[in-house]
Amino acid sequence: MAEELVLDTAIRDWVLVPLSVVMVLIGVLRYFVAKLMRSPSASPSPDPKHVKEGQVVIRARNLRTGAQFIPAKAFKSRKVYYTNEENGLLHVPKEEAQKAQAAMFSDPNMAMDMMKKNLSMIVPQTLTFAWVNFFFSGFVAAKIPFPLTQRFRGMLQNGIDLSTVDVSYVSSRSWYFLNLFGLRGLFSLILGEENATDDAQKMMQMGGGFGANPTMSLSAEKDSLDIIQHDWVLPKMEHHAEEVLRKLLKK
Amino acid sequence: MAAAAATGGGISAEVPILHSENLTSNVKSIYYSRTFLSIISGVVAGIWGFTGLTGFVFYFLVMMVASLGLLVKAKFSINTYFDSWNRILIEGVFGGLMSFVLFWTFAYDIVHIF
């Protein structure tokens, strides 16, 4: 459709490469800033109640994974111990759950931590975006090596208002966005697993309210314990043992 | 690639006995190798000047080869190391696609466009 554009090599040297390099460096910087800003005493003396709830959840999970190795009666009595509606360990009364939620929202430390996290995420992004906008607005910076339909014009040629340019040409502002999403893999390689730049996960956490809510995990564990199908495998174990031993003998 | 830790004996097919921490670490090493491969294959595709569908075909070919490599690494007994075949076949393939496209574009532009 449109003939090939000739792009100046100066655009490569002064726009394309610097933009990517800066994005990487800012990602690294953000990681270390977030590491520093994370409150040094994440939880100096954790609330004993929270610890207790966490331990109960772990115990219930162990019961769930090991359920096949105990007899049906033993499993049933343990299950009742955890999930019965009066004083089961995993059972949380309705009013109490709401109270816990309210306490969570009013806890200032929690809100502060969230704020810090969000700030370390949003501030650099806004700054780089402003920087890109200010210096590089209106460039055709790159060309993606595959054809796309007209629909992508708004996404890829953000900042250029020409309808005759082929859609696969990318404006510098859109190159910024491509970098933003594509560099996540690189960051997870160079910064290790728990890098602070995983925006998508952060968003998810924010969407789900306050990430780790102990009462919620309690009731979730209770549900999964309730629906588990118990099947005692030990009676069949002797056959397996026989098979294994026979196999060994054959060798 | 990080050394894979056996998640369990896998004595019987019906009762998977998996050690969840080892499973997570295995999956993580898959994820790393895939990410690494997607970046490298992106650069390679860009330098070789693939355009259009060829590039994506190349990506999925590389990912299939990676699956094969993982299979060999796991000594053809998936159930010893992972809980399902999907782990080896599709884990991390689509996550790496974005990185692949970025590095493909980058290398292609630097080598062929300017």
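The values are calculated or read from the model by the stated rules, or taken from the named source; none is laboratory data. What you are looking at is a predicted structure, and each value in this text was computed from that prediction instead of being measured. Virtual Cβ from ideal backbone geometry, glycine too; neighbours counted across all protein chains shown.
Structure data summary
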| item | result |
| --- | --- |
| Residues of the stretch B:83-112 satisfying the condition of being crowded, with 21+ Cβ neighbours inside 10 Å and over 11 Å from the mean Cα position of the chain (by Cα) | B:Ser99, B:Phe100, B:Val101, B:Leu102, B:Phe103, B:Trp104, B:Thr105, B:Phe106, B:Tyr108, B:Asp109 |
| Filtered residues of the stretch B:38-79 (kept if within 25 Å of B:Asn26 (Cβ to Cβ), over 14 Å from the mean Cα position of the chain (by Cα) and hydroxyl-bearing (Ser, Thr, Tyr)) | B:Ser77 |
| Selection status of B:Thr51, in a loop (DSSP other than H, G, I, E, B) and hydroxyl-bearing (Ser, Thr, Tyr) | yes |
| Single residue of the stretch A:58-73 satisfying the filter (farther than 8 Å from A:Trp232 by Cα and away from chain B (no Cβ under 14 Å)) that is surrounded by the most Cβ atoms within 10 Å (Cβ to Cβ) | A:Ala60 |
| Verdict on B:Leu102 being under 27 Å from A:Val21 (Cα atoms), touching a helix residue (DSSP H, G or I) at 6+ places or on another chain (Cβ under 7 Å) and among the hydrophobic types (A, V, I, L, M, F, W, C) | yes |
| Residue within the stretch A:128-141 that is surrounded by 16 or more Cβ atoms within 10 Å (Cβ to Cβ), modelled with pLDDT of 85 or more and polar (S, T, N, Q) present | yes |
| Qualifying positions in the stretch A:174-191 - more than 10 Å from chain B (Cβ to nearest Cβ) and assigned to a helix (DSSP H, G or I) | A:Ser174, A:Tyr176, A:Phe177, A:Ile190 |
| Within the stretch B:35-82, tally of residues that are away from chain A (no Cβ under 11 Å), exposed (fewer than 14 other Cβ atoms within 10 Å of the Cβ) and small (Gly, Ala, Ser) | 1 |
| Any hit, the stretch A:82-101, residues being touching a helix residue (DSSP H, G or I) at 6+ places or on another chain (Cβ under 8 Å), modelled with pLDDT of 80 or more and either assigned to a helix (DSSP H, G or I) or closer than 30 Å to A:Arg184 by Cβ (or both) | yes |
| Number of the condition not met by A:Pro235 [criteria: (1) within 13 Å of chain B (Cβ to nearest Cβ); (2) modelled with pLDDT under 80] | (2) |
| Check on A:Met203, exposed (fewer than 14 other Cβ atoms within 10 Å of the Cβ), modelled with pLDDT under 75 and assigned to a helix (DSSP H, G or I) | yes |
| Test set (1) surrounded by fewer than 21 Cβ atoms within 10 Å (Cβ to Cβ); (2) within 8 Å of chain A (Cβ to nearest Cβ); (3) of a type in the set (Val, Ile, Thr); (4) farther than 30 Å from A:Asp8 by Cα - B:Thr24 fails condition number | (2) |
| Search result, residues across the stretch A:149-164 that are within 14 Å of chain B (Cβ to nearest Cβ) and over 30 Å from the mean Cα position of the chain (by Cα) | A:Thr149 |
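Matching residues to (1) loosely packed, with under 13 Cβ neighbours inside 10 Å; (2) within 23 Å of A:Arg30 (Cβ to Cβ); (3) of a type in the set (Ser, Thr, Tyr):
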| residue | (1), (2), (3) |
| --- | --- |
| A:Pro124 | no, yes, no |
| A:Ile144 | no, no, no |
| A:Thr149 | yes, no, yes |
| A:Ser168 | no, no, yes |
